[in-house]
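To start, the structure itself, in structure tokens.
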Amino acid sequence: DRFDLLAIPAHDRVTGPNVVECLGALHRVTAAKLAAEAEKFRASLARLPRPLVAVLIGGTNKQYRMTEAVTRKLAANLKALCGHHGAGLAVTASRRTGKANEAILRAALADCPAFLWDGAGDNPYFGLLGLADAIVVTADSVSMVSEACATGKPVYVIDLDGGSAKFTRFHDGLRTAGITRPFDGSLDS
């Protein structure tokens with residue numbers, strides 16, 4: 001009652017006459033930001049084949065666990081994208097991914113056409129969103145999934161172990177609206 005208007009994600013289940021629901025988190029993605037960031041990274045990713053798939057990897061948090069088994073399945077599915085679809089991969093991980101999981105991914109993708117950000121230099125996150133033809137993102141971050149969806153590109157969500165009722169509502173809402181799909185190593189046309 002202290003605010004004229006509240007914009008709150010639907011999965012938070014807040015109601016009131018001054019509440020406007022949105023499907024995901026508010027974010028900083030704009031067409032201008034994506035275009036500017038894409039230009040910064042275009043040359044470094046030009047060697048990768050198309051379709052170019054941005055892979056945004058979070059990791060373990062209070063609700064989800066990025067286990068070795070999940071990481072190995074993800075690596076196999078990413079290799080399938082390269083092999084079956086001729087895709088190039090542009091991968092960025094977070095501190096929550098963990099060194100062991102990053103090592104699994106690096107080893108598995110060593111023979112794939114892939115860029116794996118090593119944490120040095122400018123963060124390519126928004127550039128990857130701008131350059132990608134499709135986006136694969138882990139389920140652990142409402143913000144990352146929301147930002148990926150804001151691009152208007154196909155978005156595939158990597159399921160991790162765990163979850164919560166709130167995350168389930170978020171992901172179910174996006175899937176029901178046709179905005180995201182589960183990631184299984186394939187791309188739909």
Checklist line | DSSP-defined antiparallel bridges as percent of all bridges, the chain, nearest 5 | finding: 10 percent
Notebook entry, point to check: Along the stretch 117-127, what does the Karplus equation 6.51 cos²θ - 1.76 cosθ + 1.60 (θ = phi - 60°) give for ³J(HN,Hα), rounded to whole Hz, x for Gly and Pro?
Noted result: 5, 9, x, 8, x, 5, 5, x, 3, 5, x
Next item on the list: Please sort by residue number the chymotrypsin sites (Phe, Trp or Tyr not before Pro) in the stretch 1-83 whose DSSP state is loop and whose Cβ has at most 11 other Cβ atoms within 10 Å.
Entry: F3
Check: For the chain, can you list the cysteines whose C-beta has no other cysteine C-beta under 4.7 Å from it?
Finding: C22, C149
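Per Stokes-Einstein, at 10 °C and 1.306 mPa s, what whole-number D in µm² s⁻¹ belongs to the chain, with the Kirkwood radius over Cα pairs as the hydrodynamic radius?
D, rounded to a whole number, is 93 µm²/s.
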Check: What number, in percent, do you get for the relative contact order of the stretch 36-100 if the mean sequence gap of Cα pairs under 8 Å and at least 6 apart is divided by its residue count?
Finding: 51 percent
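Full-extension gain between A7 and R50, please, as 0.36 nm times their residue separation minus the C-alpha to C-alpha distance. If you can, show how the numbers build up before the last one.
Numbers: separation 43, 0.36 × 43 = 15.48 nm, distance 3.68 nm.
In short, 11.8 nm is gained.
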Item checked: Of all accessible heavy-atom area on the chain, the percent that carbon and sulfur account for (1.4 Å) -> 53 percent
Next item on the list: Select from the stretch 1-67 those trypsin sites (Lys or Arg not before Pro) which occupy a DSSP coil region and have at most 11 other Cβ atoms within 10 Å, ordered by residue number.
Entry: R2, R13, R28, R47, K62
Notebook entry, point to check: Can you list residues whose amide H is under 5 Å from L116's amide H, if they're 5+ apart or on another chain and H is modeled 1.01 Å from N?
Noted result: V91
Next item on the list: Count the lysine pairs in the stretch 58-157 whose Cα atoms lie under 22 Å apart, taking only pairs 8 or more positions apart in sequence or on different chains.
Entry: 5
Check: Can you give me the relative contact order of the chain as a percent, contacts being Cα pairs under 8 Å and 6 or more apart?
Finding: 28 percent
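Whole number in Å², please: accessible area per residue of the chain, 1.4 Å probe, ligands, DNA and RNA not counted.
Working: 9660 Å² over 189 residues.
That works out to 51 Å² for each residue.
The values are calculated or read from the model by the stated rules, or taken from the named source; none is laboratory data. None of these values were measured; they are calculated from a predicted model. All Cβ positions, glycine included, derive from the backbone under ideal geometry; neighbour counts span all protein chains shown. For the accessible areas, the whole protein counts, side chains as well, though only heavy atoms, and no ligand, DNA or RNA atoms are used. Shrake-Rupley method; radii C 1.70, N 1.55, O 1.52, S 1.80 Å.
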